[in-house]
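Enquirer: One structure coming up, written as structure tokens, with questions to follow.
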């Protein structure tokens, strides 16, 4: 075993700028439209809930966007993250492939989400904002934003889907440790929450409802803005530290990937990992496959419609140009809660449409099987979301074995699964099932796409 | 901020040998005695449950013990661990002190315990053992041994104290992911378990009972040995990778600690961190304070008797020469379950007795307050056990401020608290209390110390 197990990067070699793929895309997505007028949105439409610093990043076509020193200082608490050579996984699969994984679970929030939470809070603070409101499902994003608000001294209010609030109390506790106020959503704190509770006092909540509450909270107070953990351009921009570091680390061992893999819910994890390699592909003609791994129970990129749709269920957000299953599509309750989103990043959607990136969908029992193989080889218990990327990597490694080729595979392990252990219990007890795609529900949801 | 946040070590600079303090101690502890004959134990007394490789390490006085390459290969999955400069904690405390912490929670088991689990399994495998039995309380040790057995392909059976088995299912799931068989103790699988259950079918179990079950299991099967996570000399030997790496990392930034701090239950975390610095103190006359942080509810080093006592409650183990509160002392149910042990490592006990190391005891509310300050500054949520070391470091930093001196403080953050979040809930809800030391119980327990 000549090559080391972990390829580390010195802090001074951490990227100083984020990579903006809008500078290099052959086709840009069509612009977001105002939900009322159906005209392209301008900065004034967004400024009630976002700071100008982030609105500027949402539209800029500059290739490189400087990372402020204050953000770098916080990044250095856990970045650069290690790149692991998965020697033991390779041996377990008996593959000639070289498998590398970037480990974003090394962040104190336990996932890649902190990479964007920190700059989002920084730009809000810079413009005098005192408080942020957001929603969270299983809690990864809520934890990351809570940590970032704590680092910069902002208040944070998180509307957490009620069923998770009660069933997954660990991440709620993490948010509270960092000083956040966490409400089970629907809550009595907003009009939209009260309306839902009036109609159904026992409502378990949904991400759609929680978004409505957080946006209403932010829009109603001058000192408060809203923050989103995926989908938008600026979010993906911030995540490109992942792929930029990984490229540098692979260079240190004279490696370049044949395939780059990440799981995909709203697209920020995939975009952050793969876009720096998409640059090589678009600009320099590099032959690298970029694979987004999504759940077959919520197959936005592999089964969705390419067109305009709302980002939320209520239809408050701008219309985004993207792959969508329809905002009313109700995905089954898979354990990878972070991948249950009806839409996807417009940037990623466009790249998939143009054939620069591709997507594959997997059922959760196969995903958990690969997660177990990974945990037993490499020691780290992966998050159910990240395990989709592991499964795709395992398939690639087995294909390389079949072909007898020493291909190089890179994937991003976006988070650890230490707070997802009840899902592993379900698997170990033999109770995990694959949900079929609810075809009728999908057909209905696609019928109701907005007319533009 | 001129100095970097994390001081990393290359894999090739990972220690190649463990440090054995027995080579340098001014006085060695008196030898362990056979529980029946009260004569010093020999290898034959231990060989039914330990491999000769570990028995040899228990008694060797060689200063350096080579780390086998097979062990180093597994260590490289997470070692060398980072040394952090706690810039943000220093700022929060407004101290001129430089605070460094070694982060052993970076291991896939989440604590330092994996450092000894791996070599213990290695030496057992080398001598043909197919299966290990052990006990665990809250589960840190059970998780580490499960991972290590999985890496080397040994079977593992863990007797987990019943109350934890039901109240803390997350760590049980981790053990099962790595293929271990986990029994709630007292169990129906051993004579000692059955006897307890016959007398009290509702017994919640205790570490003492679980040890009895694991030892009985190991002694009764030729293919099975027993493994212990702390106290013994070979366990501490393995943990010295922590302090050896930390010394090397501090050298890289031209620093040397005025004080080295670690929490202390059975002593392996403290010994592993501090003994390489004790070498400097004993052999080279370095002026470094070595501080063991223990709970005031179980103050073995600060209030215990120095003499012979059993390691377990039932009195099966050899008599160890150590500080002890008496094996029948019942510590209150503090959240730092890993520090609730009546005795302590004989090596550490001797060093404390000889004034080379010292101990301080803290109540858990003060400890949790410091844990929160740390989490909010550095981002990492610490284990309740490790938070005792944080609290001692905070006190040292404030003393340095008082004195106006830029002292250098090193502590070991032995584990993260991601599976201890219910304890933080108790703190955040204002329900955490300091238990007074049960003085009467202690007096009675000390009266019953064995006569030698």
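The values are calculated or read from the model by the stated rules, or taken from the named source; none is laboratory data. Small disclaimer: the values here were computed from a predicted structure and weren't measured. Cβ coordinates were reconstructed from backbone atoms using ideal geometry, including for glycine residues, and neighbour counts include every protein chain displayed.
Enquirer: Before we move on, is residue B:153 modelled with pLDDT of 95 or more and not assigned by TED's automatic domain parsing to the domain that holds residue B:82?
Expert: Judged against the criteria, residue B:153 is a match.
Enquirer: Filter region A:330-350 for residues that are over 15 Å from the mean Cα position of the chain (by Cα) and either without any contact (Cβ under 8 Å) to a residue 12 or more places away in the chain or farther than 19 Å from residue A:138 by Cα (or both) and give the result.
Expert: Once the filter is applied, which keeps residues that are over 15 Å from the mean Cα position of the chain (by Cα) and either without any contact (Cβ under 8 Å) to a residue 12 or more places away in the chain or farther than 19 Å from residue A:138 by Cα (or both), region A:330-350 yields only A:350.
Enquirer: Say we look at region A:422-447 and pick out the residues that are touching a helix residue (DSSP H, G or I) at 6+ places or on another chain (Cβ under 6 Å) and buried (at least 18 other Cβ atoms within 10 Å of the Cβ); which of these is farthest from the other protein chains (Cβ to nearest Cβ)? If you could, list the steps in order and put the result at the bottom.
Expert: Of the residues in region A:422-447, the ones touching a helix residue (DSSP H, G or I) at 6+ places or on another chain (Cβ under 6 Å) are A:423-425, A:427-428, A:432, A:434.
From what is left, the residues that are buried (at least 18 other Cβ atoms within 10 Å of the Cβ) are A:423-424, A:427, A:432.
On the way: A:423: 9, A:424: 5, A:427: 9, A:432: 13 Å.
The residue in question is A:432.
Enquirer: Could you run through region B:167-188 and say how many residues are away from chain A (no Cβ under 13 Å) and either surrounded by 17 or more Cβ atoms within 10 Å (Cβ to Cβ) or within 23 Å of residue A:170 (Cα to Cα) (or both)?
Expert: The qualifying residues number 6.
Enquirer: Filter region A:391-421 for residues that are within 14 Å of chain B (Cβ to nearest Cβ) and either closer than 15 Å to residue A:295 by Cα or not in a helix (DSSP H, G or I) (or both) and give the result.
Expert: Within region A:391-421, A:413, A:415, A:416, A:417, A:418, A:419, A:420 qualify.
Enquirer: Something else now. Do we find that residue B:306 is surrounded by fewer than 22 Cβ atoms within 10 Å (Cβ to Cβ) and touching a residue at least 40 places away in the same chain (Cβ under 8 Å) in this structure? Lay out the reasoning, then the answer.
Expert: Details: surrounded by fewer than 22 Cβ atoms within 10 Å (Cβ to Cβ): yes; touching a residue at least 40 places away in the same chain (Cβ under 8 Å): yes.
Yes, satisfied.
Enquirer: Only one of (1) closer than 19 Å to residue B:390 by Cα; (2) not in a strand (DSSP E or B) fails for residue B:327. Which number is that?
Expert: Failed condition: (1).
Enquirer: Of (1) exposed (fewer than 13 other Cβ atoms within 10 Å of the Cβ); (2) within 14 Å of chain B (Cβ to nearest Cβ); (3) closer than 30 Å to residue B:109 by Cα, residue A:84 satisfies all except one. Which?
Expert: The single condition residue A:84 does not satisfy is (1).
Enquirer: Any residue at all in region B:401-410 that's within 28 Å of residue A:179 (Cβ to Cβ), in contact with a helix residue (DSSP H, G or I) (Cβ under 7 Å, 6 or more places away or on another chain) and surrounded by 24 or more Cβ atoms within 10 Å (Cβ to Cβ)?
Expert: Yes, region B:401-410 contains at least one residue that is within 28 Å of residue A:179 (Cβ to Cβ), in contact with a helix residue (DSSP H, G or I) (Cβ under 7 Å, 6 or more places away or on another chain) and surrounded by 24 or more Cβ atoms within 10 Å (Cβ to Cβ).
Enquirer: What tally of residues in region A:422-442 results from selecting those that are farther than 17 Å from residue A:340 by Cα and part of a helix (DSSP H, G or I)?
Expert: So the answer is 7.
Enquirer: Ok, one more. Quick check on this structure: which one of A:106, A:86 is out of contact with any helix residue (DSSP H, G or I) (no Cβ under 7 Å at 6 or more places or on another chain) and either within 30 Å of residue A:171 (Cβ to Cβ) or not assigned by TED's automatic domain parsing to the domain that holds residue A:385 (or both)?
Expert: Details: A:86 fails: out of contact with any helix residue (DSSP H, G or I) (no Cβ under 7 Å at 6 or more places or on another chain).
Just a single option satisfies the conditions, and that option is A:106.
Enquirer: Follow-up question, since we're still on this one. Residue A:37 fails exactly one of the following numbered conditions: (1) within 12 Å of another protein chain (Cβ to nearest Cβ); (2) in a loop (DSSP other than H, G, I, E, B); (3) without any contact (Cβ under 8 Å) to a residue 60 or more places away in the chain; (4) more than 29 Å from residue A:128 (Cα to Cα). What is the number of that condition?
Expert: It is condition (1) that residue A:37 fails.
Enquirer: Can you spot a residue in region A:48-55 that is at negative phi, within 14 Å of chain B (Cβ to nearest Cβ), part of a helix (DSSP H, G or I) and more than 21 Å from the chain's Cα centre (by Cα)?
Expert: Checking region A:48-55: not a single residue is at negative phi, within 14 Å of chain B (Cβ to nearest Cβ), part of a helix (DSSP H, G or I) and more than 21 Å from the chain's Cα centre (by Cα).
Enquirer: For region B:105-130, which positions are in a helix (DSSP H, G or I) and either in contact with a strand residue (DSSP E or B) (Cβ under 6 Å, 6 or more places away or on another chain) or more than 15 Å from residue B:413 (Cα to Cα) (or both)?
Expert: B:105, B:116, B:117, B:118, B:119, B:120, B:121, B:122, B:123, B:124, B:125, B:126
Enquirer: Return the pairs, sorted by first residue and then second, in which the second residue is surrounded by fewer than 19 Cβ atoms within 10 Å (Cβ to Cβ) and at pLDDT 95 or above, the first residue lies in region B:351-372 and is more than 14 Å from every other protein chain (Cβ to nearest Cβ) and closer than 16 Å to residue B:273 by Cα, the beta carbons are less than 6 Å apart, and the residues are 6+ apart or on different chains.
Expert: B:359/B:302
Enquirer: Also, I was wondering about something else. Among the candidates B:416, B:391, which residue alone is over 17 Å from residue B:261 (Cβ atoms) and in contact (Cβ under 8 Å) with a residue 24 or more places away in the chain? Step through it out loud before you land on a result.
Expert: Values: B:391 fails: over 17 Å from residue B:261 (Cβ atoms).
From the options B:416, B:391, the qualifying one is B:416.
Condition check ((1) assigned to a helix (DSSP H, G or I); (2) touching a helix residue (DSSP H, G or I) at 6+ places or on another chain (Cβ under 6 Å); (3) on the phi < 0 side of the Ramachandran plot) across all residues:
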residue: B:335; (1), (2), (3): no, yes, yes
residue: B:338; (1), (2), (3): yes, yes, yes
residue: B:342; (1), (2), (3): no, no, yes
residue: B:351; (1), (2), (3): yes, no, yes
residue: B:365; (1), (2), (3): yes, no, yes
residue: B:369; (1), (2), (3): yes, no, yes
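Enquirer: Could you tell me whether any residue of region B:8-25 is on the phi < 0 side of the Ramachandran plot, in contact with a strand residue (DSSP E or B) (Cβ under 7 Å, 6 or more places away or on another chain) and within 14 Å of another protein chain (Cβ to nearest Cβ)?
Expert: yes
Enquirer: Still on this structure, I have one more. Please pick out the residue among B:215, B:163 that is under 23 Å from the mean Cα position of the chain (by Cα), farther than 29 Å from residue B:77 by Cα and surrounded by fewer than 22 Cβ atoms within 10 Å (Cβ to Cβ).
Expert: The unique qualifying residue is B:163.
Enquirer: Within region A:148-165, take every residue that is assigned to a helix (DSSP H, G or I) and out of contact with any strand residue (DSSP E or B) (no Cβ under 7 Å at 6 or more places or on another chain) and give me the one that is nearest to the other protein chains (Cβ to nearest Cβ).
Expert: Ranking the candidates gives A:150 first.
Enquirer: Let me ask something additional. Specify the residue that is farthest from the other protein chains (Cβ to nearest Cβ); the eligible residues are those in region B:136-145 that are assigned to a helix (DSSP H, G or I) and either touching a residue at least 60 places away in the same chain (Cβ under 8 Å) or more than 20 Å from residue B:208 (Cα to Cα) (or both).
Expert: Among them, the one singled out is B:141.
Enquirer: Residues B:375, B:383: which one is surrounded by 22 or more Cβ atoms within 10 Å (Cβ to Cβ), at pLDDT 95 or above, within 14 Å of chain A (Cβ to nearest Cβ) and farther than 23 Å from residue B:276 by Cβ?
Expert: Checking each option against the conditions leaves just B:375.
Enquirer: So which helices (runs of 4 or more DSSP H) stay within region A:174-275 end to end and still have 3 or more residues that are over 26 Å from residue A:388 (Cβ atoms) and touching a residue at least 60 places away in the same chain (Cβ under 8 Å)?
Expert: A:207-219
Enquirer: With surrounded by fewer than 24 Cβ atoms within 10 Å (Cβ to Cβ) and touching a strand residue (DSSP E or B) at 6+ places or on another chain (Cβ under 8 Å) as the only criterion, which of B:292, B:361, B:314 stands out?
Expert: Checking each option against the conditions leaves just B:361.
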